[in-house]
Amino acid sequence: MTAHFRSDGMKQDSRGQARGIERLYLDFDSFFASAEQHFNPDLRDRPLGVIPLDSPHTGCIAVSRQAKALGVKSGATIAKAREIIPDMIFVVARHDVYVRLHKRILDVIETVVPVVHVRSIDEV
């Protein structure tokens, strides 16, 4: 799972010394797909799409970095994704798993810095 972050608000005290990070933004790439790859090692390093339901007409709510690198984007239908990557793997979303993982990540972050605001399940 890749996390991109940026920090804003580096302040200085009266002596011009940095006081530390005031804000930290995290955005987890392909969070649902990364979670599936985390929990199922057989899915790692493979093009993967997470779908809301098992239907040939549904769209991917998340795709792995490997699928993105080959040209499949989130929102692509299964049919479109298979045109691009015939052997792409699809799994039905397990939101309860993603919520639990998100909570675990927040708990770890809280050991270092207080979490004040969460924008979505894949951003802190």
Review point. Within the range 75-123, how many residues turn out to be farther than 15 Å from A35 by Cβ, in contact (Cβ under 8 Å) with a residue 40 or more places away in the chain, part of a loop (DSSP other than H, G, I, E, B) and out of contact with any Pro (no Cβ under 7 Å at 6 or more places or on another chain)?
Key: 2
Check your understanding: Would a scan of the range 3-24 turn up a residue that is closer than 22 Å to D96 by Cβ, out of contact with any helix residue (DSSP H, G or I) (no Cβ under 7 Å at 6 or more places or on another chain) and modelled with pLDDT under 60?
Key -> yes
Point to revise | Members of the range 24-64 found to be hydrophobic (A, V, I, L, M, F, W, C) and loosely packed, with under 15 Cβ neighbours inside 10 Å, listed by number | key: F39, L53
Review point. Which one is modelled with the lowest pLDDT among residues in the range 26-47 that are of a type in the set (S, T, N, Q) and part of a loop (DSSP other than H, G, I, E, B)?
Key: S30
Check your understanding: Of all residues in the range 48-74, how many are in a loop (DSSP other than H, G, I, E, B), over 13 Å from S30 (Cβ atoms) and of a type in the set (G, A, S)?
Key -> 2
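Okay, residues lined up against (1) exposed (fewer than 14 other Cβ atoms within 10 Å of the Cβ); (2) modelled with pLDDT of 95 or more; (3) within 18 Å of the chain's Cα centre (by Cα):
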residue: Q66; (1), (2), (3): no, yes, yes
residue: V72; (1), (2), (3): no, yes, yes
residue: I85; (1), (2), (3): no, yes, no
residue: R94; (1), (2), (3): no, yes, yes
residue: V99; (1), (2), (3): yes, no, yes
residue: V108; (1), (2), (3): yes, no, yes
residue: T111; (1), (2), (3): yes, no, no
residue: P114; (1), (2), (3): yes, no, no
residue: R119; (1), (2), (3): yes, no, yes
**Study point:** Exclusive hit being modelled with pLDDT of 95 or more and either within 18 Å of the chain's Cα centre (by Cα) or more than 24 Å from Y25 (Cα to Cα) (or both), set K80, K103
**Key:** K80
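The values are calculated or read from the model by the stated rules, or taken from the named source; none is laboratory data. All figures in this text were calculated on a predicted structure; none of them were measured in a lab. Here Cβ is always computed from backbone atoms with ideal geometry, including for glycine, and neighbour counts include all displayed protein chains.
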